[in-house]
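Worksheet for the structure shown next.
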Amino acid sequence: MEVTEQTDEQLAAEAAREGSDGPAFVALVERFRQRVWRICYRLLNNEQDANDAAQEVFVRLFLNRTKFAGRSKYATWVHAIAVRTCLTLRRSRGRRQRHEDTTSDEQWEQQQPSREPNTAGLSLDLMHMLEILDEEDRAMLILKYAENYDYEELAAIFELSVSACKMRLSRAREKLQKRFPDQTS
């Protein structure tokens, strides 16, 4: 059977048997390149960081190609690795920078005169708004509403039950609504 005709799961099984980056693994990389990069970009909000993270994801996929157990769809397994990789990179690269940015933003906002909210800039402020959430809740909201993942996929990626996933998303939305009532109403 041609590589292009095989399912992701069939290719994954063949890639696990290959001794190196053979045709099955190369085909999987090609199938998932754009999706993985898009997830990385959405979660990291920076093109260079997304490129680095996507490369790291494919290195991890290669190194762990024999560990796919088939308990979920291969795509879900790949996306889970992408999410975990991005969360790890965000934590390691961004802690100090985010703290400095938040502190300077809060000081700047306190010095500005009170004004009505500007609805034209709301989309630009979305990533800033999401920064108040913890890393996993932020990632979950982005995957749910920007990438249209269903609850079952999110539950598999974050290793939660579907009901726990729904609850976390609900609490994250509530936190945003409480903190930004004018922008989320």
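Filtering segment 3-41 to residues that are polar (S, T, N, Q), assigned to a helix (DSSP H, G or I) and either surrounded by 15 or more Cβ atoms within 10 Å (Cβ to Cβ) or not assigned by TED's automatic domain parsing to the domain that holds ASN51 (or both) leaves nothing.
Select from segment 148-158 the residues that are of a type in the set (D, E, K, R) and either in contact (Cβ under 8 Å) with a residue 12 or more places away in the chain or part of a helix (DSSP H, G or I) (or both) and write down the one among them that is surrounded by the fewest Cβ atoms within 10 Å (Cβ to Cβ). Break it down stepwise before answering.
Residues of segment 148-158 that are of a type in the set (D, E, K, R), as a first pass: 150, 152-153.
Then drop every residue that is not either in contact (Cβ under 8 Å) with a residue 12 or more places away in the chain or part of a helix (DSSP H, G or I) (or both), which leaves 152-153.
Details: GLU152: 12, GLU153: 21.
Top of the filtered list is GLU152.
When segment 29-47 is filtered for residues that are closer than 16 Å to THR76 by Cβ and of a type in the set (D, E, K, R), the ones remaining, listed by number, are ARG31, ARG35, ARG38.
Restricting ASN51, ASN45 to residues that are of a type in the set (S, T, N, Q), on the phi > 0 side of the Ramachandran plot and at pLDDT 85 or above narrows the list to ASN45.
When restricted to residues that are assigned to a helix (DSSP H, G or I) and crowded, with 17+ Cβ neighbours inside 10 Å, segment 53-74 contains 7. The set of residues in segment 29-52 being more than 22 Å from LEU126 (Cα to Cα) and touching a residue at least 40 places away in the same chain (Cβ under 8 Å) consists of PHE32 alone.
Any chance segment 121-137 includes a residue that's assigned to a helix (DSSP H, G or I), hydrophobic (A, V, I, L, M, F, W, C) and modelled with pLDDT under 65? Can you show your working first?
If we filter segment 121-137 for residues that are assigned to a helix (DSSP H, G or I), which is where we start, we get 121-130, 135-137.
Retained after the next criterion (residues that are hydrophobic (A, V, I, L, M, F, W, C)): 122, 124, 126-127, 129-130.
Keeping just the survivors that are modelled with pLDDT under 65 gives 122, 124.
So far as segment 121-137 goes, yes, one or more of its residues are assigned to a helix (DSSP H, G or I), hydrophobic (A, V, I, L, M, F, W, C) and modelled with pLDDT under 65.
The values are calculated or read from the model by the stated rules, or taken from the named source; none is laboratory data. These numbers were taken from a predicted model, which means no experiment stands behind them. Counting neighbours? That spans all protein chains shown, and the Cβs are built from the backbone with ideal geometry, glycine included.
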